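S.K.: Have a look at the structure that comes next, please.
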Amino acid sequence: MSEKPEEEVETRNFIENIIDGDLETKKHSKIITRFPPEPNGYLHIGHAKSICLNFGLAKQFEGVCHLRFDDTNPEKEDTEYVESIREDVRWLGWEWGENNFFASDYFDHLYDFAVQLIELGKAFVCDLDADQVKAYRGNLKEPGKESPFRNRSVEENLDLFEGMKKGLFEEGSKVLRAKIDMASPNMNMRDPALYRIRKVNHHRTGNKWCIYPMYDFTHCLSDMLEGITHSVCTLEFEDHRPLYDWVLESLETPCHPQQIEFARLNLTHTVMSKRKLLKLVEEGHVQGWDDPRMPTISGLRRRGYPAAAIREFCDRIGIAKRNNVIEFSLLEFCARSILNKTSNRVMGVVNPLKVVITNYPEDLVEEMDGVNNPEDDSAGGRKIPFSREIYIEKEDFMEEAPKKFFRLAPGREVRLRYAYYITCQDVVKDPKTGEILELHCTYDPETRGGGSPDGRKVKGTLHWVSASKGVWAKANLYDNLFTQESPEEAGDFIEVLNSESLKEIDCIVEPYLKESLAGDRIQFERIGYFCLDKDSKPEELLFNRTVTLRDSWAKTKKK
């Protein structure tokens, strides 16, 4: 492998440096990684980091990444999750080709490996129940005690293990345990369980098996059988690495993958625990796994986050050896950077206030020329209907405005985007409540397109929608799901749920959006980026706000 410039080596992460070294020493000629999700739930943004890392390393080093489902817990697994995981990985931009595997593909092999460990005197069948095992295990200050069944003969253990396989024993009555060291300072090495009895139908193997291997036993051997070179996982598995190595070394397997740990992704104002996400769904705090407030990949997709933004986010946060917490705002920044380049601009009013242009002909409807995307000339333009009555944002009018309020106020002139200059002449209010109902304005017909032939300048530019030609729609506006930056640290994370995390509003948008398809992403100018929801209907459009804008038109290029 050719040498890298010194400055390039310094910018590579520690895993890339390990792989570089392995290729240079010819320890490996081809790199094979894997992404091994459990099919017992939906993937979240933390999984996206692992997906991008494992598939990205394979691509970078011209290797292969396997998608392998760790389906060893049939009580919680379902083909629904398998399909959702495949969809998420593909949506993120990765493909596995023929390399889609399941741990259940190896159940026969794993059983044979367990028998080998028994024959080597390194595994035994234990009759202690779960509470007894816990009591015998000891703690970090005191060593554990050996099981009274630890010294059964090889023949007896083989007979009992075969009986477990045949379903002769009840669940919880026996487990197969490794025989390692009950005094080990690493609790994972104190005779851990390798197999347990579960008389549950499996989503792929049916009722063929009533014993299922434990994760630590399954994972290392699955890696070995697939020829994985670098088994990359998160830091919580660091203490499990000695057991990973012990199994492979005890069986003297033909290859020994290297387990490498990296820091998991922790994001502010959200939770990543599958158990806690499941609680949010089952208790109805959110509207499902793909609720746009959820950190699941399906939720982010439904909210309108582009796959490229998530890949950029994963690239920006990098790979480290120490856990840290990433600000949610960085994910939003990455979304904006992609959406700004790829999203067409439209005008939508989310808090409507009617404006009547009193000197504009009542029956006239003009078509103004709008630019779809100033970042992409190939996006072209569109026609925007303009009429006597329009809607603007309520926030764009102030009856008693300060000097530096550069929007509409009595006697002040502003520019309507792509249309005319208008001046507010009168304010119509509800006589009982004093609520502003509509504004009466006049327009300058010489300023069509947003410019003035006499050269006069206005500082305010407002977006608008025709009252007669606009389309009424629904919009979901989102805030953080939790009020606390670290909800995991709350006594009960449910207590810090943000009651204002979802606001459903009526809005009016350009008729241009009637042709939109579910999943289309657009920018409501001056408001934010929105995505047409999958439940949207032609007669009632539904938009989800992906993220707000960071800048207003004051900082955009004039068109």
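S.K.: Of the beta bridges DSSP finds with both residues in the chain, what % are antiparallel, to the nearest 5?
M.R.: About 65 percent, rounded to the nearest 5.
S.K.: Taking 0.36 nm per intervening residue step and subtracting the Cα-Cα distance, what contour gain separates residue 446 from residue 75 on full extension?
M.R.: In short, 126.3 nm is gained.
S.K.: Right, next: I need the Debye-formula profile for region 196-242: one equal scatterer per C-alpha, no solvent, reported as log10 I(q)/I(0) at q = 0.30 1/Å, two decimals.
M.R.: Those come out to -1.08, one per q.
S.K.: Using θ = phi - 60° and the Karplus relation 6.51 cos²θ - 1.76 cosθ + 1.60, list the HN-Hα couplings for region 409-420 in order, rounded to whole Hz, with x at every Gly or Pro.
M.R.: Along region 409-420, the couplings run 7, x, x, 9, 10, 9, 9, 8, 3, 6, 10, 10 Hz.
S.K.: Here's a follow-up. Which order do the peptides 541-547, 272-278 come out in when sorted by mean C-beta neighbours inside 10 angstrom, highest first?
M.R.: Ranked from most to least packed, the peptides come out as 541-547, 272-278.
S.K.: For region 302-461, what percent of Cα pairs sit more than 23 Å apart?
M.R.: On the way: 6927 of 12720 pairs.
Percent of Cα pairs beyond 23 Å in region 302-461: 54.
S.K.: Sticking with this one: If you line up the Cα atoms of region 184-286 on their principal axes, what length do they span on each, largest first, in Å?
M.R.: Sorted from largest, the Cα extents of region 184-286 read 50, 38, 29 Å.
S.K.: So, one more: Of the listed pairs 174/321; 49/279; 30/166; 76/166, which have alpha-carbon separations greater than 32 Å here?
M.R.: 174/321; 30/166
S.K.: Provide, for q = 0.18, 0.23 Å⁻¹, the log10 of I(q)/I(0) from a solvent-free Debye sum over equal Cα point scatterers in region 131-237.
M.R.: So the normalised log intensities are -1.08, -1.29.
S.K.: While we're on this one: May I ask you to give the solvent-accessible area per residue for region 189-259, in square angstrom, as obtained with a 1.4 angstrom probe?
M.R.: 36 Å²
S.K.: For residue 428 and residue 321 in one chain, what is 0.36 nm times their gap in residues minus the Cα-Cα distance, to one decimal in nm?
M.R.: Value of the extension gain: 32.2 nm.
S.K.: Could you pull out every residue, at least 5 positions away or on a different chain, whose amide H is within less than 5 Å of the one on residue 326? Hs are placed 1.01 Å off N in the peptide plane, and Pro or chain starts have none.
M.R.: Long-range HN contacts for residue 326: 266, 267, 268.
S.K.: Non-local amide H neighbours of residue 230 (under 5 Å, H modeled in plane, Pro and chain starts lacking H): which ones?
M.R.: Here 32, 258 satisfy the definition.
S.K.: Figure the gain on full extension for residue 151 and residue 537 (residue separation times 0.36 nm, minus the Cα-Cα span) and round it to one decimal in nm. Kindly include the intermediate steps, with their values, before the conclusion.
M.R.: On the way: separation 386, 0.36 × 386 = 138.96 nm, distance 6.80 nm.
Computed gain between residue 151 and residue 537 is 132.2 nm.
S.K.: Nearest 500 deg cm²/dmol is fine: what mean residue ellipticity at 222 nm does the chain get from its DSSP H runs of n ≥ 4 alone, each adding -39,500 (n - 2.57), divided by its residue count?
M.R.: It lands at -8000 deg cm²/dmol.
S.K.: Please state, to two decimals, what the Cα-based radius of gyration of region 285-384 comes to when divided by 2.2 N^0.38 Å (N = residues).
M.R.: 1.58
S.K.: Quick one: in region 413-459, what % of C-alpha pairs are over 12 Å apart?
M.R.: 64 percent
S.K.: Then there's this: Quick one: putting +1 on the C-beta of Lys and Arg, -1 on the C-beta of Asp and Glu, what dipole do you get for region 459-548 around its Cα centre, in Debye to the nearest 20?
M.R.: 720 debye
S.K.: Only Lys, Arg, Asp and Glu count, each charged at its Cβ (+1, +1, -1, -1), so figure out the dipole size of the chain about its Cα centre, rounded to 20 debye.
M.R.: On the way: 78 positive and 97 negative charges, 251 e Å.
Using Cβ point charges on Lys, Arg, Asp and Glu, the chain gives about 1200 debye.
S.K.: Checking a compactness column here: for region 1-116, what do you get for Rg(Cα) / (2.2 N^0.38 Å), N being the number of residues?
M.R.: 1.26
S.K.: Sorted from largest to smallest, which semi-axis lengths in Å does the alpha carbon gyration tensor of region 435-512 give for its equivalent ellipsoid, taking the root of 5 times each eigenvalue?
M.R.: Each semi-axis is the square root of five times an eigenvalue, giving 43, 17, 12 Å.
S.K.: For region 30-176, compute Rh as the Kirkwood radius over C-alpha pairs and then the Stokes-Einstein diffusion coefficient at 25 °C and 0.890 mPa s; write the answer in µm²/s, rounded to an integer. Walk me through the intermediate numbers first.
M.R.: Numbers: Rh = 18.3 Å.
Estimated diffusion coefficient is 134 µm²/s.
S.K.: Seen from all sides and averaged, what is the projected area of the convex hull of the Cα atoms in region 451-490, in nm²?
M.R.: Over all viewing directions, region 451-490 projects a mean Cα-hull area of 6.5 nm².
S.K.: Continuing with this model, one more query. How big is Rg to Rh over region 373-514, alpha-carbon atoms, Rh as the Kirkwood inverse-mean-distance radius?
M.R.: Across region 373-514, the Cα-based Rg/Rh ratio is 1.09.
S.K.: Across the chain, what fraction of all alpha-carbon pairs, as a whole percent, falls in each successive 20 Å bin from zero upward?
M.R.: That works out to 18, 40, 26, 13, 3, 0, in percent per bin.
S.K.: How large a share of the accessible area of region 193-271, in percent, is made up of carbon and sulfur atoms when the probe is 1.4 Å and the other protein chains stay in place?
M.R.: Percent of accessible area from carbon and sulfur atoms in region 193-271: 44.
The values are calculated or read from the model by the stated rules, or taken from the named source; none is laboratory data. On a predicted model such as this, the values are computed, not experimentally measured, just so you know. Reconstructed Cβ throughout: ideal geometry from the backbone, glycine too, with neighbour counts over all protein chains shown. All accessible areas refer to the heavy atoms of the entire protein, side chains included, with ligands and DNA or RNA removed. Shrake-Rupley method; radii C 1.70, N 1.55, O 1.52, S 1.80 Å.
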